[in-house]
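Okay, here's the structure, questions in a sec.
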Amino acid sequence: MTGPLLEISGLVKDYQALRPLRIKSLTLVPGDLLAVSGLDAAAAETFVHLVTGATLPDHGDIALFGHNTRTITDGEAWLKSLDGVGMVTARGIVIEMFTVLQNIALSFTLEVDPIDPDVLPKATALAREVGLDDSSFDVAVGRSSPDAHMRIHLARALALGPRMLIAEHPSASLPRETVAAFGADLARLARSRGLALLALTADDELAKAIGGQRLELVAASGELRPVGFFKKIFG
């Protein structure tokens, strides 16, 4: 696909907050690295549901991989479209009694005790690719670090070969000393795989580590403006 991966126009969605979620226009194409601030946890979750077609806009349109989410009526086609979106979110499910590597292997198989020998090399390579150290592989997730948790979510987001990554406040639970490295790895993996990356974050350090374009959402109007726009205008 050479066109936009995601196109949003005139989006309005009431989600029982102080004001509806509004986004006038947003387009994501292959290779984009974009960090968007101005969406709190509830707004970011609503945004993800809208993009993936789990819920529909009250007004406006969202096209994911060229298909308007309003027109998707086939459940199988909808699930297939989701393979193209890798979600990096702490809302993802991990099984704390399983090891780090077992949780990553679950992306490919339910046979993880022991891990299916055909899957083991893929899971191991993916764990290393997202920056997990071999010494962490056999540690139960319940005893692993917050950084390891998010890297498991990142590995699982990449497992099915998506075309775009959406990172939903990925640094919210991270120790501050790990944020920059995690952001840099998000950008590295997006670039190396030729993916678009959309990070929904209020974390300045994470956004700077990702690089690329930085926008802030003006909640009242739905406009997305470069970070620091008002500061540049009004000094």
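Derivation of every value follows stated rules applied to the coordinates shown; laboratory data play no part. Bear in mind the structure is a predicted one, so any value in this text is a computation, not a measurement. Every residue, glycine as well, gets a Cβ built from its backbone with ideal geometry; the counts of neighbours run over all protein chains shown.
Using only the Cα atoms of the range 6-234, each taken as one equal point scatterer with no solvent, compute I(q) by the Debye sum, divide by I(0), and report log10 of the ratio at q = 0.09, 0.10, 0.12, 0.16 Å⁻¹.
-0.38, -0.47, -0.67, -1.14
A follow-up question, please. Measure nothing fancy, just the Cα-based angle from helix 176-193's long axis to the longest principal axis of the chain, in degrees from 0 to 90, nearest 10.
Computed tilt is about 90 degrees.
Now for a different question. Starting from the Cα-Cα distance between Ala140 and Ala54, subtract it from 0.36 nm times their residue separation and give me the gain in nm to one decimal.
Values: separation 86, 0.36 × 86 = 30.96 nm, distance 3.18 nm.
Gain in length upon complete extension: 27.8 nm.
What FRET efficiency, computed as 1/(1 + (r/R0)^6) with R0 = 22 Å and r the Cβ-Cβ distance, is obtained for Ser9 and Gln213, rounded to the nearest 0.05?
Efficiency, rounded to the nearest 0.05: 0.75.
As a quick test, which of the pairs Lys13/Lys122; Lys24/Lys122; Lys13/Lys208 have an alpha carbon distance above 31 angstrom in this structure?
On the way: Lys13/Lys122 40 Å; Lys24/Lys122 41 Å; Lys13/Lys208 29 Å.
Lys13/Lys122; Lys24/Lys122, as the Cα separations exceed 31 Å there.
Turning to a different aspect of this structure: Given points 7 Å out from each Cα along the Cα-Cβ axis, report the Asp83 to Ala17 separation in nanometres with one decimal.
My value for the distance between the label points is 3.2 nm.
Over the chain, what is the percentage of antiparallel beta bridges among all DSSP beta bridges, to the nearest 5?
That works out to approximately 55 percent antiparallel.
Based on the Cβ-Cβ distance of Glu205 and Ser25, what FRET efficiency does E = 1/(1 + (r/R0)^6) give at R0 = 41 Å, to the nearest 0.05?
Using R0 = 41 Å, I get an efficiency of 0.90.
To continue, here is another question. Where in the chain lies the longest segment free of GluC sites (Glu not before Pro) that are both loop residues by DSSP (not H, G, I, E, B) and have at most 16 other Cβ atoms within 10 Å? Walk me through the numbers before you get to the answer.
On the way: sites that count: Glu96, Glu111.
Answer - 112-235.
Relative contact order (percent) for the chain, with alpha-carbon contacts under 8 angstrom and 6 or more residues of separation?
Reported as a whole number, the value is 29 percent.
Just subtract the alpha-carbon distance of Arg70 and Asp113 from 0.36 nm times their residue separation and send over the number in nm, one decimal.
Here the answer is 11.4 nm.
Right, another one. Once both axes come from the Cα atoms, what is the angle between helix 146-158 and the longest principal axis of the chain, in degrees from 0 to 90, rounded to 10?
Tilt relative to the chain: about 80 degrees.
Report the percentage of all Cα-Cα pairs in the range 77-137 whose separation exceeds 12 Å, rounded to a whole percent.
Details: 1294 of 1830 pairs.
So the portion of pairs separated by more than 12 Å is 71 percent.
From the helices alone, meaning DSSP H stretches of at least four residues, give me the mean residue ellipticity at 222 nm for the chain, per-run term -39500 (n - 2.57), in deg cm²/dmol to the nearest 500.
Using -39500 (n - 2.57) per qualifying helix, the result is -10000 deg cm²/dmol.
Now, a different point. Relative to 2.2 N^0.38 Å, what does the C-alpha radius of gyration of the range 1-124 come to as a ratio? Two decimals please.
So the Cα radius of gyration is 1.27 times the expected 2.2 N^0.38 Å.
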